[in-house]
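The values are calculated or read from the model by the stated rules, or taken from the named source; none is laboratory data. In this text the structure is predicted, and so the values were computed from the model without any measurement. For the accessible areas, the whole protein counts, side chains as well, though only heavy atoms, and no ligand, DNA or RNA atoms are used. Shrake-Rupley method; radii C 1.70, N 1.55, O 1.52, S 1.80 Å.
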Amino acid sequence: MRKYVSDTAQLTDEYGIQIGRWKQYRDLGPLPFDAMWCVIPPGASSAEDVHPEVEFAVVTRGTAIYEAAGEKVEVPTGGVILLDPERPHVIHNPSPEVPLTILSIYWMPRTADADAEGGRDPGAGRD
């Protein structure tokens, strides 16, 4: 077992917030996804971000407000938001006191070509 904690991660300034990319954990080796800690100070917001990956974001501390195309979704601690590729979004921390921490897990979406080249329906053949 290995344990990783956002409080001890090496963070850098990116997207107007603090980011701790999981590449810093060299003992992980290659993973089928990328991941990063996102830390947003009290009352702050990220810069707008858009990317080609699917993003699965878990709020690990605080409450996040995700804003995309005029829609706002509140995600509490323990909640998850799934963002589609190429979806511009901003993350807000509405708390005046508590930093917001998110574990963002992201990967390139499968394409129809990749599926046709050998990917099969994972449910095929199951009884």
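Remark: the stretch 90-104, residue by residue, has Karplus-estimated 3J(HN,Hα) of 10, 10, 10, 10, x, 6, x, 10, 9, x, 9, 10, 10, 9, 9 Hz, where x stands for each Gly or Pro and the curve is 6.51 cos²θ - 1.76 cosθ + 1.60 at θ = phi - 60°.
Below 8 Å between Cα atoms, with a sequence gap of 6+, how large is the relative contact order for the stretch 1-109 in percent? Result for the stretch 1-109 is 32 percent. Stretching Glu71 away from Phe56 to a fully extended chain increases their span by 3.6 nm, per 0.36 nm per residue minus the current alpha-carbon distance. Select one label from (i) 0.94; (ii) 1.03; (iii) 1.16: the one whose number is Rg/Rh (Cα atoms, Kirkwood Rh) as derived from the coordinates shown. For Rg/Rh (Cα atoms, Kirkwood Rh), the calculated option is (ii).
GNM on the chain, alpha-carbon springs under 10 angstrom: the most fluctuating residue among Ala47, Ala35, Ala57 is Ala47.
Once the piece of chain linking Lys3 and Asp84 is laid out straight, how much longer is it, given 0.36 nm per residue of separation minus the C-alpha distance between them?
Here the segment from Lys3 to Asp84 would lengthen by 26.3 nm.
Whenever you get a sec, compute what percent of the accessible area on the chain sits on carbon and sulfur atoms (1.4 Å probe). Here carbon and sulfur together make up 54 percent of the probe-accessible area. The GNM of the chain, with springs linking C-alpha atoms under 10 angstrom apart, assigns the highest mean-square fluctuation among Arg61, Arg87, Arg110 to Arg110. Calculated accessible area for the chain comes out at 64 Å² per residue, all protein chains present (probe 1.4 Å; ligands, DNA, RNA ignored). By the helix-only formula, in which each DSSP H run with n ≥ 4 contributes -39500 (n - 2.57) and the sum is divided by residues, the chain has a 222 nm mean residue ellipticity of -1000 deg cm²/dmol.
For the chain, a Gaussian network of Cα nodes joined below 10 Å ranks Tyr25, Tyr66, Tyr106 by mean-square fluctuation, and the top entry is Tyr25.
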